[in-house]
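Just so it is clear, none of the values below were taken in a lab; they were calculated from the coordinates. All values reported here derive from a predicted model rather than from experimental measurement. Ideal geometry is used to build each Cβ from the backbone, glycine not excepted, and the neighbour counts take in all protein chains shown.
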Amino acid sequence: MTDLAMGRGGAFDIGRVVERTFGVIGANFLTMVGLALLLSALPQSLAALGAPPRLDGAPDFSPIRLIGSLVAAIGAFVLQSAVVHASIVDLNGGKANFADSLRTGLRHFWPVVAISILMTFAVVFGSFLLLVPGVMMAVAWVVAVPVRVVENKGIFASFSRSAELTRGSRWGIFGLFFVYILLAMLLGLLGGVFVGAIVGITGGANSIGARAVISPIFNALASMVGASGAAAIYYELRSKKEGVAPQELAAVFD
């Protein structure tokens with residue numbers, strides 16, 4: 001169980017958010033990793049193993065790969081809500097439950113899909129105009145999914161609520177973006193090292209299998225950390241701006 005002491009006011013604490021993110025993962029390791037493997041790594045692996053890359057390098061639009069990619073995309077959206085649920089439960093002093101988290105992820109699937117698509121289009125469009133607007137929109141809306149999962153807000157209300165919560169703390173959140181980006185790059189690098197080692201040891205015989213298993217696992221872990229980080233940011237903002245007690249947040253899942 002992570003640290004719960006936090007009162008109204010005070011500066012946005014990057015270190016505390018990072019500590020809570022990994023504290024949640026460590027305290028609920030089997031639940032978190034299980035969700036990541038089931039919802040993210042497994043669909044990616046099945047798609048890759050069912051339709052290995054073409055030797056000529058051309059895009060593969062085979063039914064197996066397309067179906068696998070669709071399932072992986074669905075799993076990624078479910079994973080966001082499921083990990084947010086598990087993280088908030090832990091931050092409130094409870095113990096994350098795999099089945100409850102999975103049910104929450106499935107229940108919020110369509111709203112999270114809508115939020116993610118709208119956010120992506122807006123951020124990309126803002127970045128085309130100028131990089132800064134795109135980045136600032138991403139920062140302002142970083143807790144839109146946790147708002148949906150915890151407060152059960154509508155799609156557009158989740159954006160407004162996220163912008164309200166992040167106001168006054170966006171530079172700190174911007175700094176956190178770099179922390180998580182660096183972590184995602186590190187996980188990708190480690191995945192590449194593992195794949196390279198296996199290919200080197202086996203003389204290339206298991207290169208497709210290694211890429212289809214190891215890369216999805218590291219991608220899934222990066223997604224898990226990102227979703228848990230968004231939940232930790234949300235918890236920090238609610239505590240800092242509104243002085244919300246753990247019991248008040250926990251009540252939404254009763």
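Label sites at TRP110 and LEU129, each approximated as a point 7 angstrom past Cα along Cα to Cβ, lie 3.1 nm apart. Taking every alpha-carbon pair in segment 14-253 and binning the separations at 5 Å intervals from zero gives 1, 7, 13, 17, 18, 17, 12, 8, 5, 2, 1, 0 percent. The order of the peptides 175-184, 229-238 by mean Cβ neighbours within 10 Å, most packed first, is 229-238, 175-184.
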